[in-house]
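The values are calculated or read from the model by the stated rules, or taken from the named source; none is laboratory data. What you see is a predicted model, and the numbers here were worked out from it, not measured in a lab. Cβ placement follows ideal geometry from the backbone for every residue including glycine, while neighbour counts extend to all protein chains displayed.
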Amino acid sequence: MSEQLCPLCQQANLCKAGTAEQNQCWCMQQKFPAELLSQAPDQSSCICSACLERFIKPAEPVQQYKPL
């Protein structure tokens with residue numbers, strides 16, 4: 001698996017780990033919950049910001065329609 005792809009969704013993770021700019025990467029400013037990290041089948045690639053956001057902010061519940 002490419003280190004440039006998120007191990008969860010296979011999209012570009014935009015991580016700069018391993019480059020001269022790695023200390024400026026977006027992921028260095030984030031906290032990744034252990035529960036999310038455990039879902040990654042490959043621990044050598046960074047999880048993307050979209051997957052992190054989906055995990056932290058789950059979908060809002062749908063309100064059931066009640067006719068008047």
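Condition check ((1) among the small types (Gly, Ala, Ser); (2) within 10 Å of the chain's Cα centre (by Cα); (3) in a loop (DSSP other than H, G, I, E, B)) across all residues:
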{"site": "Gln10", "(1), (2), (3)": "no, no, yes"}
{"site": "Ala20", "(1), (2), (3)": "yes, no, yes"}
{"site": "Cys27", "(1), (2), (3)": "no, yes, no"}
{"site": "Glu35", "(1), (2), (3)": "no, no, no"}
{"site": "Gln39", "(1), (2), (3)": "no, no, yes"}
{"site": "Ser45", "(1), (2), (3)": "yes, no, yes"}
{"site": "Pro61", "(1), (2), (3)": "no, no, yes"}
{"site": "Leu68", "(1), (2), (3)": "no, no, yes"}
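Could you please find all residues in the stretch 5-26 being in contact (Cβ under 8 Å) with a residue 24 or more places away in the chain and polar (S, T, N, Q)?
Within the stretch 5-26, Gln11, Asn13 qualify.
Just a yes or no: is a residue in the stretch 8-28 charged (D, E, K, R) and at pLDDT 85 or above? Spell out how you get there, then give the answer.
Start the filter on the stretch 8-28 by keeping residues that are charged (D, E, K, R), which leaves 16, 21.
Pick out the ones that are also at pLDDT 85 or above and you get none.
No, because not a single residue in the stretch 8-28 is charged (D, E, K, R) and at pLDDT 85 or above.
I need a count of the residues in the stretch 6-53 that are among the β-branched types (Val, Ile, Thr) and surrounded by 12 or more Cβ atoms within 10 Å (Cβ to Cβ).
Let us first name the residues in the stretch 6-53 that are among the β-branched types (Val, Ile, Thr), namely 19, 47.
Imposing the further condition that a residue be surrounded by 12 or more Cβ atoms within 10 Å (Cβ to Cβ) reduces the set to 47.
Here the count works out to 1.
Given the structure, is Ser2 surrounded by 11 or more Cβ atoms within 10 Å (Cβ to Cβ) and modelled with pLDDT under 85?
So Ser2 passes the test.
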